[in-house]
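One structure is given below, encoded as structure tokens.
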Amino acid sequence: MYAPQVALGTVNEYSSFTRQAQCEDTRVNADHGKRVVLNLLELPWVGSPAQTVSRVLIERAGGEVARATSLVHFAPGAAFEPHMHALGEEIYVLRGVFEDEHGAYPAGTYIKNPAGSQHRPFSDTGCSLFVKLRHLDPKDSVRVVVNTNDATWFPGLVPGLTVLPLWGSGGSNTALVRWAPGTVFAQHRHFGGEEILVLEGLFEDEHGTYPEGTWMRSPHLSQHSPYSRHGATILVKTGHLDIL
């Protein structure tokens, strides 16, 4: 059974961790016309409105209500007040068990809460999440929950590639992709851009080598020739970036 993990460690392991009551109006990697590659293990943790919930700001444009991509860590017993997501959210559980009033979601669970949805998130035992906020189609009203540990994977476009579709709407798609060792994909271009989080192994292209814990964003009409000599599992989102 596949249970993807990113070696995030605990908040206390980060000497750069700081507490703050809220995120002020902030722009972090907000220009979608620029390619960005980050090692998430090197980024600082900051506080959130909930004292026992911390986050790494990967990209952000706005204040506490913002279009944003983050790592989020719930300490054991942590909880947020009930709140609404006007433009939706996507969550991938990296570690532990995430919870809300609708259910409990172990590591390897993907959740899409549509625009206008609301919930009260918490974690009795603690968890780490990859979270994207305020980028979904307001007309897409379907809630999606996929436990990838027991879901069906499908053959990809080339030998050695397997794909688990998670959600798609209006030209934007989110999926898990496994690369067997030695898999090579042809050069291709991404309309609406591409975002990748390396969950496991070593992902590569002609621009570099990306170990687990790497996040990268490639802009609209960018192109590359990806491959993996040693094998990798990646979380991929395409077609959701600004068309500049």
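What to note about this one:
- Flag for A68 being in contact with a strand residue (DSSP E or B) (Cβ under 6 Å, 6 or more places away or on another chain), of a type in the set (G, A, S), under 23 Å from A175 (Cα atoms) and at pLDDT 95 or above: no
- Single unsatisfied condition, R35 versus (1) of a type in the set (D, E, K, R); (2) farther than 24 Å from H190 by Cβ; (3) in contact (Cβ under 8 Å) with a residue 40 or more places away in the chain: (2)
- Subset of region 189-201 (residues that are crowded, with 19+ Cβ neighbours inside 10 Å and in a loop (DSSP other than H, G, I, E, B)): G192, G193
To keep it simple, each residue is scored yes or no on (1) in contact with a Leu (Cβ under 7 Å, 6 or more places away or on another chain); (2) in contact (Cβ under 8 Å) with a residue 60 or more places away in the chain; (3) in a strand (DSSP E or B).
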residue: V131; (1), (2), (3): no, yes, yes
residue: D140; (1), (2), (3): no, no, no
residue: V158; (1), (2), (3): no, no, no
residue: T162; (1), (2), (3): no, no, yes
residue: F203; (1), (2), (3): no, no, yes
residue: T209; (1), (2), (3): yes, no, yes
residue: H220; (1), (2), (3): yes, yes, no
residue: Q223; (1), (2), (3): no, no, yes
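- When region 167-185 is filtered for residues that are closer than 26 Å to K34 by Cβ and either at pLDDT below 95 or in a strand (DSSP E or B) (or both), the ones remaining, listed by number, are W167, G168, S169, G170, G171, S172, N173, T174, A175, L176, V177, W179.
The values are calculated or read from the model by the stated rules, or taken from the named source; none is laboratory data. No experiment lies behind these values; they were computed from the predicted model shown. Cβ coordinates were reconstructed from backbone atoms using ideal geometry, including for glycine residues, and neighbour counts include every protein chain displayed.
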